[in-house]
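Enquirer: Starting off with a structure, shown below.
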Amino acid sequence: MLGLLGATTLMLVAGAPWVLPAGGADLRSPENVVVSIIDDNFILKWKSSSESVSNVTFSADYQITGMDNWIKLPGCQYVTSTECNFSSIKLKSVYEKTKLRIRAETGNSTSPWYEVEPFIPFQEAQIGPPDVHLEAEDKAIIINLSPPGTKNSVMWAMDSSSFVYSLVIWKNSSSLEERTKTVYARDKIHQLSPETTYCLKVKAGLRSPRKVGVYSPVYCINTTVKHHLPSPENLEINAENRVYVLKWNYTYENVTFQAQWLHAFLKKIPEDHSDKWKQIPNCENVKTTHCVFPQNVFTKGIFFIRVQASNGNSTSLWSEEKRFNTEMQTILFPPVINMKPINDASLRVGIGAPKESEDKSVNQLYPLIYEVIFRENTSDTERDVLEKRTDFTFSNLKPLTVYCVKARALIENDRWNRSSVFSDTVCEKTKPGSTSQAWLIAGILSAILLFPAVFYGVKVVSRCINYVFFPSSKPPSTIDEYFAEQPLKNLLLSTSEEQTEICFIVENTNTITTIEETDQIDDNHSRCSSQTNRDSGVYSNEDENSGSKIGEEILRQAAV
């Protein structure tokens, strides 16, 4: 079997032989001792150094760390060939350090022990080929793989579900068209041609610790004739708002479709999982080439989706399975930004979760960081910072200056670099500085002090304007003293009221003539009387008693 596998054996450096008294001078220790471990097969190989001696056998012992005594190695006692299989060794763990020694024997004579460098079986083990079973469809080949090792493998007991399988497939007629892909233990190879012979080989490997196995023998199989009802093709799934939209292509009409899903981790388990597929809600017996279902159908993780077409009693084969990672389809919503001034040189920024009407925000399911872009409103120079905090401050700003900020959410340490779109831009002005406040106070005080002067100046200007353009109708004081008892309105009456003009004519020093003219609106007339100082002779209007008194006083002064 080892020759078939062509596996590379492991050469373990031999230590110095442990010399014991030999029974014969020509019996020497074995040389080129090699330990080969493939899966659970332990093989010890060597080269005899005593070919000239007949009836030579070989025996080996082993010792595990912590043991004081050597134990006979099972399968390697009195071996006549130059190799032995010690797979039946009882090891407590494949991770224990193991020692081997071997010697040649003939009759009562033995060679010195040849001690092999200590080794850990798991580290030295090679991965053998997996068992392969194939089934054919028209455009696909179903592959079933059994992991390397035996069913109750000791070597790979902890790694049976961790194997990664690499497959090479080609058309039998042309080995130049090889295609290599990674497959699961239960998988399907698509995009093949009907009625065509394909050949393939598979090898297994481990990512941690990194181990690469050997290829299996080549297997060949023929695909079947084309199915009368083709399978749906080109599956695509996208997240839109709070739903998933599954789409596919199909050329035939009057058919219905159904879609199913499967947990991806089941693919890693080397067993049949055909009964683990589940129906997707709202995607059963649909007549369109798409269906919509809620996002809460899937939890966080990786899934596979497949679609099948039906036409009456006829059904197509299942479509190629679509791998679907919910994390890559996650929609992050832009955060809500709030900014307010603290003082003349600082603005405080708060980042909040988006307001959503349904369920818990997707943003709260992942650890987030925020990319914040901050700039002065009148400048194109931007400051780009990453913040884990949702409350932080921008300092060293200018007083009474408008600054603007926007932000987007990113998933921290995300290998797909998922992020939301940027939020709406929010702008805010810083508070006035101490210098601005001092100028404001000085301005207010100056205004208070200047107000009386300004008021007085306005008043003076107003009086000058009134004096020039709106003179007073009051007579001068030199005249007004003679009419102190006459109402001012009588001097300024319109023609609607009586106006009286009093005149005094002095004819001589002994005679004063008094003329009184009275104008009426309805009846104009004049009366004039003259008399000497001997007469009482002052003409008096009945209604103007004051005029008579003034006339008498003047006459009295003249007589004197």
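The values are calculated or read from the model by the stated rules, or taken from the named source; none is laboratory data. As the structure is a prediction and not an experimental result, all values here were calculated from the model. Ideal geometry is used to build each Cβ from the backbone, glycine not excepted, and the neighbour counts take in all protein chains shown. Surface areas here come from the heavy atoms of the whole protein model, side chains and all, with no ligands, DNA or RNA. Shrake-Rupley method; radii C 1.70, N 1.55, O 1.52, S 1.80 Å.
Enquirer: What does the highest-first list of 90-99, 321-330, 160-169 look like by mean Cβ count within 10 Å?
Expert: Going by the mean number of other Cβ atoms within 10 Å, highest first, we get 160-169, 321-330, 90-99.
Enquirer: Taking Rh as the Kirkwood radius computed over C-alpha pairs, what is the Stokes-Einstein D of region 371-437 at 20 °C in a medium of viscosity 1.002 mPa s, expressed in µm² per second?
Expert: 157 µm²/s
Enquirer: Indicate the gyration tensor shape class of region 31-124 (rounded, prolate or oblate), computed on the Cα atoms with a ≥ b ≥ c the square roots of the eigenvalues: a/c under 1.5 is rounded; otherwise a/b larger than b/c is prolate and the rest oblate.
Expert: It is prolate, given that a/c is not under 1.5 and a/b is the larger ratio.
Enquirer: Anything over 31 Å Cα to Cα? Flag those among LYS201/LYS300; LYS97/LYS300; LYS388/LYS429, in the order listed.
Expert: Correct reply: LYS201/LYS300; LYS97/LYS300.
Enquirer: Of PHE298, ILE269, GLN279, which is farthest towards the positive pole of region 233-328's charge dipole, taken about the Cα centre with +1 and -1 on the beta-carbons of Lys, Arg and Asp, Glu respectively?
Expert: Of the options given, the answer is PHE298.
Enquirer: At q = 0.16 Å⁻¹, what base-10 log of I(q)/I(0) does the Debye formula yield for region 233-328 when every alpha carbon is treated as an equal point scatterer in vacuo?
Expert: Each listed q maps to, in turn, -0.66.
Enquirer: With every protein chain present, what is the per residue accessible area of region 233-328 (1.4 Å probe, Å²)?
Expert: 55 Å²
Enquirer: For GLU124 and THR82, FRET efficiency with R0 = 25 Å and r from the beta-carbon atoms, rounded to 0.05?
Expert: Efficiency, rounded to the nearest 0.05: 0.80.
Enquirer: Which of the residue pairs LYS247/LYS267; LYS47/LYS203; LYS151/LYS276 have a Cα-Cα distance greater than 26 Å in the structure shown?
Expert: Among LYS247/LYS267; LYS47/LYS203; LYS151/LYS276, the Cα-Cα distance tops 26 Å for LYS47/LYS203.
Enquirer: Ranking request for peptides 269-275, 66-72: highest mean number of other beta-carbon atoms within 10 Å first, then the rest in descending order.
Expert: Answer by packing, highest mean first, reads 269-275, 66-72.
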